Amino acid sequence: MNFKQECKNAANRGVLYSFIPRRLGIEGLPKYNNMPFNVMFQKFISKNGIIISGTAIYEPSFLTFQENEDNCSMIYKNIYGGNSWLKVSYNNQENTWNGLKVVNDKSAGQAFGTDWKIFFIHFTMLGLSNGEKCKLEKLDRKP
């Protein structure tokens, strides 16, 4: 099977992608350094021969930021609306991240990691959930 056919087959199954965000670095506010700037979940599908991309982006809700001696956490809300949110937590004693994704009041999954990149690879591989508000785009299939 050639590469193009493998890509087409993957899109027909529904392909999930991972996204590694940059850190939320705000000058003079180091408390946010272990939080992401935003978090994106994406999925590709093929419908009637057309590849469609679905993307949900979550941005921080700064009023929800909490910290104590061991942990900090913040809620991230879906920019496309709906009742979807994330909670990203960092344990500064163990240098670990935990992420919880909730879509329409139901847990859509969670991830845990000891490394920024690995954590976000696993977290964003959760992809989109049924009922999650997102941006849909038809993609050009031409090489």
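The values are calculated or read from the model by the stated rules, or taken from the named source; none is laboratory data. Everything numeric in this text was worked out from a predicted model, so none of it was measured. Cβ atoms come from the backbone with ideal geometry, glycine included; neighbour counts cover every protein chain shown.
Quick notes
- Among the residues of the range 101-117, those identified as surrounded by 13 or more Cβ atoms within 10 Å (Cβ to Cβ) and under 28 Å from residue 46 (Cα atoms) are 101, 102, 103, 104, 108, 109, 110, 111.
- Selection from the range 25-39 of residues that are in contact (Cβ under 8 Å) with a residue 12 or more places away in the chain, of a type outside the set (Ser, Thr, Tyr) and under 16 Å from residue 98 (Cα atoms): 34, 35, 36, 37, 38, 39
- When residue 52 is tested against the conditions (1) more than 14 Å from the chain's Cα centre (by Cα); (2) over 22 Å from residue 113 (Cα atoms); (3) part of a loop (DSSP other than H, G, I, E, B); (4) modelled with pLDDT of 85 or more, the lone failure is (3).
- Among the residues of the range 1-49, those identified as modelled with pLDDT of 90 or more, within 19 Å of residue 126 (Cα to Cα) and of a type in the set (A, V, I, L, M, F, W, C) are 35, 37, 39, 40, 41.
- The combined condition, being part of a loop (DSSP other than H, G, I, E, B) and surrounded by 13 or more Cβ atoms within 10 Å (Cβ to Cβ), is fulfilled by residue 133.
- Filtered residue count, the range 102-142, keeping only those that are more than 14 Å from residue 86 (Cα to Cα) and either among the acidic types (Asp, Glu) or in contact with a Lys or Arg (Cβ under 8 Å, 6 or more places away or on another chain) (or both): 4
- Top-ranked residue in the range 103-130 [being in a loop (DSSP other than H, G, I, E, B) and not hydrophobic (A, V, I, L, M, F, W, C); ranked as farthest from residue 51 (Cα to Cα)]: 114
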